[in-house]
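Encoded as structure tokens, the structure appears first; notes follow it.
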Amino acid sequence: MHWEACADHLIAGAAAHASPAGARVRFPGHSPADSTDELEGFARAFLLGALRLAGSQGDRPSGLAERYAQALDAGTRPGHPEAWPRIGHHDQVLVEATAVALGLHWSRPWLWNHLPDRTRAQLVAWLSGARGSWCADNNHVLFGATVQAFLASVGADHDSVAIDGALNRIDEWYAGDGWYSDGTGRRFDHYNGWTFHLYPFFIEQLLGGLPGGGAVGTNPSFEVYRTRLRTFLDDYQHLFDAAGNAVLQGRSLIYRWGMAAPFWMGELQGVSPLAPGRTRRLASGMLRGFVDAGELDDGVLGLGWKRPAPDLLQSYNAAGSPLWASKGFLGLLVSERHPAWVDVEEPMPVEQHDVLRPMGGPRWLAVGRRDDGIARLLNHGSDGHPQRPDPLYRRLAYSSATVAVSLDGLDDNTVTVGRRGSTARHRGLLAGAVHRESAVSRWRLDAQGRDVMVDLATVVVGAAEVRVARLRGVLDQTVRCTGWALSADAPLTTDSGPGWASATRPDGLVSGLAAITTADAAPAVATEAGFEVGVNAGFEVGVNAGFEVGVEAQPHSHALGEHVGLPWLEAEAGTEGAAHLAWLVHLGCDFDPTLAERVTVQWTPDGAVVTVEGRSHHCGWLSRDLWPADAGNQGIFRVGRQPLRE
């Protein structure tokens, strides 16, 4: 099986960088490794090895259980040169202890049950260090609960209150339709897939003593998680394109095909809304894309996506971090006779028809076009950390073909106030809603001391979006709007005309932006053409990874290429205290700037009426603030001077 071969290759890659007893793995990385980094390298590879053992009933790879038995003994033996650090408060070690506990559970018949009593006692003592420790108030609460559940499964002292407390805590973050925020606030991302819809089932299996993790749960109190998983997968499948590439949104994207894990869990739990052949098509498409890109050539996953990608990294990333991709191998627990492995692969939804799906939990609108196969996410509800303007959370849109880019003072898919280099500070989302073909949101900007309220609505028109915005509090300032940023390894082709600009990749994918002249009151004050469309045809083109032409001495690599094209529009607001703007953005195979001429926008006291070729859409501004945007700063990404990893 292709998946088994890939797993074996990664297991061998970790072994090649292991310490003499195997308890630590030091992958080549961007910084010197410490004992926690080396534990991370072992633990995440061990998780994969345990899945491989369970899937092969202990037969493959040969000798793996014996090697792990030696490593587990060395890592937990006090005084051993390869001993692991103890679990502490707010500690990365707890995260890796969870991987060790799950690995021991999945490989129980071939490893734990045959370990010497001394080694088992050492493991229990080390894992027991998690009791009473506190962690980040986000997905981490499930890690401590999982360790306690493993201790319960082996008859050791454990904290059952911590287990219940963690499960109760994530219920507070449940936003509906199968979606969880990753802690207080509006932090929606792929953590739903590789954490929130996995660990409750791991805990159930551990508490129920189910073998191998492959059986359907029987605890009625956990039935709610199966219902949520089914609903989530029905949404989540639309965030992957025809080739299985994910929408590049949120943090920890270097975990790659770990995103396949919830689809396998749906099959394991018997609740997947997807046909089994589609599950395999989606999961295998994810993995195949990375294999074809050479990511598994040396058996070590680098700090990137399908290439080194500094723009996708977080402070907690270490050389072993990418092996959370091991979770994507959860399908090895699915019987080889299961329909997910034997049925004919079925196409993705976007390969069969255009997709337009509102997602009420995160307030996202998923858009897919059959003609280009790209998955798009129009964001009206994900805000990330309230005090950290992370581009992977706050952009207006994301896709499987683009990545968030900041280029010469321009950020893609944004609306902001101020000249380049003095952009207003985003103060967080206040409200958002999604409808059948449109979405709306509201946020505040601190525009050099001025409090600016932004109301934005998006209407989907084929491969384009009409965006309309009202900015209150803006006074004699520059309003700037941007479209999709395209990245490629080869130079992009640029084009422009009156009121529009575009950039085209060598493969024909186009990002375009066109100004829309509005019909009545309070249009933005601009040039005679209605808007000022910038020099160089309205976009900046970066060479050598995101710098303006000629600045080759400062290379910087983007996740998707070394050249970037970003259409933009600027308008000068007057002294009325408010500005109304309308513009069209396009991402697709063909850009027709004349579409903007066929769009009319009629401003109303409570919104706008957008009419495209005879069809009208009412976009109403939200009547009240729904979310406390400035609240909830927990400082979860840094404790003292030490970054917390995941």
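The values are calculated or read from the model by the stated rules, or taken from the named source; none is laboratory data. Quick caveat, the model's predicted, so the values are computed rather than measured. Using ideal geometry, Cβ is built from the backbone for each residue, glycine included, and neighbour counts are taken over all protein chains shown.
In segment 344-381, how many are in contact with a Ser or Thr (Cβ under 9 Å, 6 or more places away or on another chain), of a type outside the set (Lys, Arg) and over 17 Å from ASP234 (Cβ atoms)?
Count: 7.
Could you please find all residues in segment 344-380 being crowded, with 19+ Cβ neighbours inside 10 Å and either of a type in the set (Lys, Arg) or without any contact (Cβ under 8 Å) to a residue 40 or more places away in the chain (or both)?
ARG363, ARG369, ARG376
Mind counting the residues in segment 119-149 that are over 30 Å from ARG186 (Cα atoms) and small (Gly, Ala, Ser)?
Selection size over segment 119-149: 4.
Could you list, in sequence order, all residues of segment 278-305 that are of a type in the set (D, E, K, R) and either buried (at least 17 other Cβ atoms within 10 Å of the Cβ) or outside the structural domain of GLU223 (by TED's automatic domain parsing) (or both)?
Listed by number, the residues that qualify are ARG278, ARG280, ARG281, GLU295.
Just the residues that are free of Cβ contacts under 8 Å to residues at least 24 places away in the same chain and not in a strand (DSSP E or B), please, taken from segment 593-625.
Correct list: THR594, GLU597, ARG598, PRO605, ASP606, GLU613, GLY614, SER623.
Kindly provide the set of residues from segment 484-503 that are closer than 24 Å to LEU378 by Cα and in contact with an Asp or Glu (Cβ under 7 Å, 6 or more places away or on another chain), ordered by number.
Within segment 484-503, TRP484, ALA485, SER502 meet the criteria.
What do you reckon, is GLY331 farther than 15 Å from ALA242 by Cα, at pLDDT 95 or above and outside the structural domain of ARG24 (by TED's automatic domain parsing)?
no
So ASP455 passes all but one of these: (1) among the acidic types (Asp, Glu); (2) touching a Phe, Trp or Tyr at 6+ places or on another chain (Cβ under 6 Å); (3) not in a strand (DSSP E or B). Which condition number does it fail?
With respect to (1) among the acidic types (Asp, Glu); (2) touching a Phe, Trp or Tyr at 6+ places or on another chain (Cβ under 6 Å); (3) not in a strand (DSSP E or B), ASP455 is out only on (3).
Using beta carbons and a limit of 7 Å, which pairs, at least six apart or on different chains, have the first residue in segment 462-486 and touching a residue at least 40 places away in the same chain (Cβ under 8 Å) and the second one of a type in the set (Ser, Thr, Tyr) and surrounded by fewer than 20 Cβ atoms within 10 Å (Cβ to Cβ)?
What qualifies is LEU475/THR575; ASP476/THR575.
Run down SER335, SER315 and say which single residue is surrounded by fewer than 22 Cβ atoms within 10 Å (Cβ to Cβ), out of contact with any strand residue (DSSP E or B) (no Cβ under 9 Å at 6 or more places or on another chain), polar (S, T, N, Q) and in a loop (DSSP other than H, G, I, E, B).
Sole residue among the options that is surrounded by fewer than 22 Cβ atoms within 10 Å (Cβ to Cβ), out of contact with any strand residue (DSSP E or B) (no Cβ under 9 Å at 6 or more places or on another chain), polar (S, T, N, Q) and in a loop (DSSP other than H, G, I, E, B): SER335.
Test LEU207 against the criterion of being outside any strand (DSSP E or B), modelled with pLDDT of 95 or more and among the aliphatic types (A, V, I, L, M), and give yes or no.
Considered against the rule, which asks whether it is outside any strand (DSSP E or B), modelled with pLDDT of 95 or more and among the aliphatic types (A, V, I, L, M), LEU207 comes out as no.
For segment 561-584, indicate whether the set of residues that are of a type in the set (S, T, N, Q), under 30 Å from VAL474 (Cα atoms), over 24 Å from the mean Cα position of the chain (by Cα) and at pLDDT below 85 is non-empty.
yes
Considering each of LEU51, LEU39 in turn, give the residue that is under 24 Å from the mean Cα position of the chain (by Cα) and in a helix (DSSP H, G or I).
One residue alone meets the criteria, LEU51.
When you scan segment 259-277, do you find a residue that is more than 20 Å from LEU229 (Cβ to Cβ), small (Gly, Ala, Ser), in the same structural domain as PHE46 (by TED's automatic domain parsing) and part of a loop (DSSP other than H, G, I, E, B), even just one?
No, because not a single residue in segment 259-277 is more than 20 Å from LEU229 (Cβ to Cβ), small (Gly, Ala, Ser), in the same structural domain as PHE46 (by TED's automatic domain parsing) and part of a loop (DSSP other than H, G, I, E, B).
Among the listed residues GLY418, GLY499, GLY473, identify the single one that is over 20 Å from TRP583 (Cα atoms) and not polar (S, T, N, Q).
Just a single option satisfies the conditions, and that option is GLY473.
Here is a list: TRP364, TRP341, TRP324. Which entry is of a type in the set (Phe, Trp, Tyr) and either touching a His at 6+ places or on another chain (Cβ under 6 Å) or assigned by TED's automatic domain parsing to the domain that holds VAL403 (or both)?
When all the criteria are applied, what remains is TRP364.
Among the listed residues THR504, THR458, THR493, which satisfies the condition of being within 27 Å of LEU560 (Cα to Cα), without any contact (Cβ under 8 Å) to a residue 40 or more places away in the chain and either surrounded by fewer than 22 Cβ atoms within 10 Å (Cβ to Cβ) or not aromatic (Phe, Trp, Tyr) (or both)?
THR493
If a residue has to be of a type in the set (Ser, Thr, Tyr), in contact (Cβ under 8 Å) with a residue 24 or more places away in the chain and assigned to a loop (DSSP other than H, G, I, E, B) to count, how many in segment 54-84 make the cut?
Total satisfying the criteria: 1.
Just a yes or no: is a residue in segment 50-60 touching a helix residue (DSSP H, G or I) at 6+ places or on another chain (Cβ under 9 Å), in the same structural domain as LEU332 (by TED's automatic domain parsing) and more than 30 Å from ARG337 (Cβ to Cβ)?
Looking through segment 50-60, none of the residues is touching a helix residue (DSSP H, G or I) at 6+ places or on another chain (Cβ under 9 Å), in the same structural domain as LEU332 (by TED's automatic domain parsing) and more than 30 Å from ARG337 (Cβ to Cβ).
Does segment 375-388 contain any residue that is in the same structural domain as ALA433 (by TED's automatic domain parsing), among the hydrophobic types (A, V, I, L, M, F, W, C) and assigned to a loop (DSSP other than H, G, I, E, B)?
Checked segment 375-388: no residue is in the same structural domain as ALA433 (by TED's automatic domain parsing), among the hydrophobic types (A, V, I, L, M, F, W, C) and assigned to a loop (DSSP other than H, G, I, E, B).
Can you name every residue in segment 22-81 that is out of contact with any strand residue (DSSP E or B) (no Cβ under 9 Å at 6 or more places or on another chain), buried (at least 24 other Cβ atoms within 10 Å of the Cβ) and of a type in the set (D, E, K, R)?
ARG52
So, in segment 462-514, how many residues would count as being closer than 20 Å to VAL610 by Cα and among the polar types (S, T, N, Q)?
Residues in segment 462-514 being closer than 20 Å to VAL610 by Cα and among the polar types (S, T, N, Q): 1 in total.
Count, please, the residues in segment 107-159 that happen to be touching a residue at least 60 places away in the same chain (Cβ under 8 Å) and among the charged types (D, E, K, R).
Residues in segment 107-159 being touching a residue at least 60 places away in the same chain (Cβ under 8 Å) and among the charged types (D, E, K, R): 2 in total.
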